[in-house]
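What follows is a short report on a single structure.
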Amino acid sequence: MRPSDELVFAPLGGAGEIGMNLAIYGFGDEQRRQWIAVDFGVAFADDALPGIDLIMPDIRYLVEERRNLLGLVLTHAHEDHFGALLDLWPRLKLPVYATPFTAALIEAKREGEPGAPEIPLNIVPLSGRFTLGPFDIELVSMAHSIPESNGLIIRTPAGAVLHTGDWKIDPTPVLGAPTDEAKLRALGNEGCLALIGDSTNAFREGRSPSEADVAKCLAELIRGAPARVAVTTFASNVARMRAVAQAAAACEREVVLVGRAMERIAQVARETGYLDGIQDFRSVEVYGHLPPDKVLALCTGSQGEPRATHLVHVSGHPRVSELTDIIGWVRPQILIPVHGEALHMAEHAELARRSGVGKVVLCRDGELVRLAPADPGKIDEVPAGRLYKDGSLIVSAEERTVADRRRLGFAGIVSVALAVSERGDLVSDPQVRLIGIPEADALGHRIEEIAYDAAIEAFESMPRGRRRDPDAVVEAIRNAVRAALSAAWGKKPTCHVHVLEV
């Protein structure tokens with residue numbers, strides 16, 4: 001390690017929000033730094049982003065550093081950790097490393113999306129270890145709500161970092177191995193420079209219940225149901241899928257899958273051995289033809305009712321006692337909270353301080369943090385932001401597209417079309433069209449007529465010479481119509497004016 005070498009970390013997504021996880025680690029001096037990326041996730045858009053399907057991290061910095069980018073390591077196959085891969089990988093074309101289940105799910109997803117790129121995948125076995133330049137990367141099995149969730153031990157000449165990924169402590173998981181406490185304790189004995197950790201449940205006291213507890217409760221509920229049963233869960237929760245199938249089989253019920261994502265996950269889970277011994281699932285078409293007490297519908301799109309009276313869902317993220325445990329196991333010199341909104345991360349930071357961690361660093365997307373040597377802290381910023389998936393296009397959040405849609409959604413649009421002669425006279429009556437605007441004001445006056453009258457008055461008040469200037473006509477009528485509708489309605493809609501010269 002040269003005196004000028006540094007180990008640095010920056011979140012490009014997932015620090016300050018839930019979802020869109022992307023972290024980068026760099027080693028070397030400022031001029032010759034090599035990088036690895038961890039995860040490539042999305043967040044899901046809501047009504048505040050009309051027309052937008054997904055939100056992705058802006059990867060322009062990775063594009064700039066592409067020659068120094070050694071690879072992308074995926075911790076697991078939840079959308080908020082790998083969902084941007086198919087859309088953004090062509091901009092980087094970097095090596096991708098994933099465990100068998102994650103790799104199989106990427107391939108199944110690719111086959112279901114026309115035009116998706118073929119991505120060469122490097123398959124890493126569970127608990128595997130591999131090297132990318134100065135980074136020695138070892139997988140740590142972590143219990144979570146999907147098979148093969150992994151933490152990463154990232155060893156470098158400057159020290160070892162634990163990137164937890166998504167995890168919890170579940171001593172009795174329905175599927176897969178529990179969180180590898182022995183390997184984490186061994187890391188603590190070896191020496192852990194920094195822990196970069198999941199903050200999702202930092203406000204919740206105690207421990208997350210076990211998936212086995214949910215399986216037991218579901219079995220009791222299904223056994224006592226007199227007719228048809230429907231169970232909702234995120235499709236990726238294969239442990240839940242397996243538990244429901246076993247409970248259904250015990251009651252001699254057929255399981256019908258509802259939802260394309262559910263069908264895809266079930267296929268991959270069978271291919272990778274996670275549904276061995278489970279009866280074949282039936283297609284949704286047979287649901288109505290089976291006796292009510294002999295069928296169960298397994299549906300995607302939800303993960304349990306938060307106010308249910310029964311234990312039908314548990315979180316896949318650690319609560320306070322689990323966060324305290326992992327700090328005690330690995331004894332990091334530095335802790336950086338990620339995977340959460342600002343309040344989650346601040347609470348995680350305070351917990352770390354109470355647990356005796358000497359250095360706690362709070363950062364947000366785009367802030368570059370030096371981990372070693374010398375004191376940890378923010379030393380620079382790198383470009384970061386958001387991309388939107390808008391139909392089949394990936395657009396920058398900085399474009400006006402969404403802002404314009406919000407404006408249209410708030411106040412609608414009025415369109416005025418008029419034909420003007422060479423002398424500056426109206427050839428015919430203007431045509432007015434309203435979209436997303438009420439029909440009448442509070443006094444019952446038709447808003448279309450208010451807009452029409454405002455357009456006529458504005459045009460006729462212009463000097464004849466100005467009427468022959470289309471740009472001047474557009475500006476005068478737009479201002480008059482918006483002012484008139486604001487007086488009648490209290491809102492100023494977008495106004496488009498079209499002038500035809502004849």
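The values are calculated or read from the model by the stated rules, or taken from the named source; none is laboratory data. What you are looking at is a predicted structure, and each value in this text was computed from that prediction instead of being measured. Neighbour counts are summed over all protein chains in view; Cβ atoms, including those assigned to glycine, are modelled from backbone coordinates with ideal geometry. Just the protein is used for accessible areas: all its heavy atoms, side chains included, with ligands, DNA and RNA removed. Shrake-Rupley method; radii C 1.70, N 1.55, O 1.52, S 1.80 Å.
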query = Label point 7 Å out from Glu190 along Cα-to-Cβ: which residues of the range 142-159 have amide N under 12 Å?
reply = 152-157, 159
query = Between the range 149-227 and the range 25-46, what's the alpha-carbon centroid distance in Å?
reply = 23 Å
query = What is the list of residues in the range 150-165 whose amide nitrogen lies under 13 Å from a point 7 angstrom out from the Cα of Arg129, following Cα to Cβ?
reply = 153-156
In Hz, Karplus ³J(HN,Hα) per residue of the range 17-32 (6.51, -1.76, 1.60; θ = phi - 60°; x = Gly, Pro) = 8, 8, x, 6, 6, 7, 10, 10, 10, x, 9, x, 7, 4, 8, 9
request  = Quick one: pull the percent of accessible area on the range 93-241 belonging to carbon and sulfur, 1.4 Å probe, ligands and nucleic acids left out.
outcome  = 54 percent
request  = With a cut-off of at most 10 other beta carbons within 10 Å, and DSSP calling the residue loop, which trypsin sites (Lys or Arg not before Pro) in the range 400-444 qualify? Please list them.
outcome  = Arg400, Arg423
message = Given Cβ point charges of +1 (Lys, Arg) and -1 (Asp, Glu) and nothing else, what value in debye, to the nearest 20, does the dipole of the range 293-419 about its Cα centre take?
response = 100 debye
message = Less than 26 Å apart at the alpha-carbon level, and either on another chain or at least 8 residues along: which lysines does that give for Lys378?
response = Lys359
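Computed FRET efficiency, Cβ-Cβ of Ala346 and His496, R0 45 Å: what is it to the nearest 0.05?
Calculated transfer efficiency: 0.45.
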request  = With the full set of protein chains in place, find how many percent of the accessible area of the range 256-385 is carbon and sulfur; take the probe as 1.4 Å.
outcome  = 49 percent
inquiry  = One quarter of the convex hull surface, Cα atoms only: what value does that give for the chain in nm²?
reply    = 31.7 nm²
inquiry  = What distance in nm separates the two pseudo spin-label positions at Val284 and Leu94, each 7 Å out from Cα along the beta-carbon direction?
reply    = 3.8 nm
query = With a Cα-only, solvent-free Debye model of the range 1-100, what are the log10 I(q)/I(0) values at q = 0.14, 0.18, 0.21 Å⁻¹?
reply = -0.54, -0.83, -1.06
inquiry  = Test of understanding: what is the full-extension gain from Ala212 to Ala227, defined as 0.36 nm times their sequence separation minus their Cα-Cα distance?
reply    = 2.9 nm
task = Please list the non-local residues whose amide H lies under 5 Å from the amide H of Ala372, H modeled 1.01 Å from N, same-chain partners needing a gap of 5 or more.
result = Leu7
ask   = Which FRET efficiency value, to the nearest 0.05, do you get for Ala403 and Ile379 by plugging their Cβ-Cβ distance into 1/(1 + (r/R0)^6) with R0 = 30 Å?
value = 0.35
remark   = Once the in-chain neighbours fewer than 8 apart are removed, the lysines whose Cα is under 21 Å from Lys168 read Lys183, Lys216
ask   = Each residue of the range 151-166 in order: what ³J(HN,Hα) in whole Hz does its phi give by Karplus 6.51 cos²θ - 1.76 cosθ + 1.60, θ = phi - 60°, with x for Gly and Pro?
value = x, 10, 8, 10, 9, 9, x, 9, x, 9, 10, 9, 9, 6, x, 8
query = Where does the range 398-502 land on Rg/Rh, using Cα atoms and the Kirkwood Rh?
reply = 1.00
task = With 10 Å bins from zero, work out the P(r) of the range 1-59 over every alpha carbon pair and list the percent per bin.
result = 22, 37, 23, 13, 5, 0
ask   = With the contact rule set at Cα under 8 Å and sequence spacing of 6 or more, what percent relative contact order holds for the range 1-143?
value = 18 percent
task = Would you kindly derive the ³J(HN,Hα) couplings of the range 335-342 from the backbone phi angles with the Karplus curve 6.51 cos²θ - 1.76 cosθ + 1.60 (θ = phi - 60°), listing them in order in whole Hz, with x for Gly and Pro?
result = 10, 10, x, 9, 6, x, 6, 4
remark   = Rounded to one decimal in nm, the spacing of the 7 Å Cα→Cβ label points at Glu449 and Ser392 is 4.7 nm
query = If you take every DSSP beta bridge whose two residues both sit in the chain, what share of them, in percent to the nearest 5, is antiparallel?
reply = 60 percent
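With r defined as the distance between the Cβ atoms of Gln31 and Cys299 and R0 fixed at 51 Å, what FRET efficiency is calculated, to the nearest 0.05?
E(calc), rounded to 0.05, equals 0.40.
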query = lysines near Lys93 by alpha-carbon distance under 19 Å, same-chain residues fewer than 8 away left out - which ones?
reply = Lys109
inquiry  = Quick check for you: with a 1.4 Å probe and neighbouring chains kept, what is the accessible area per residue of the chain, in Å²?
reply    = 45 Å²
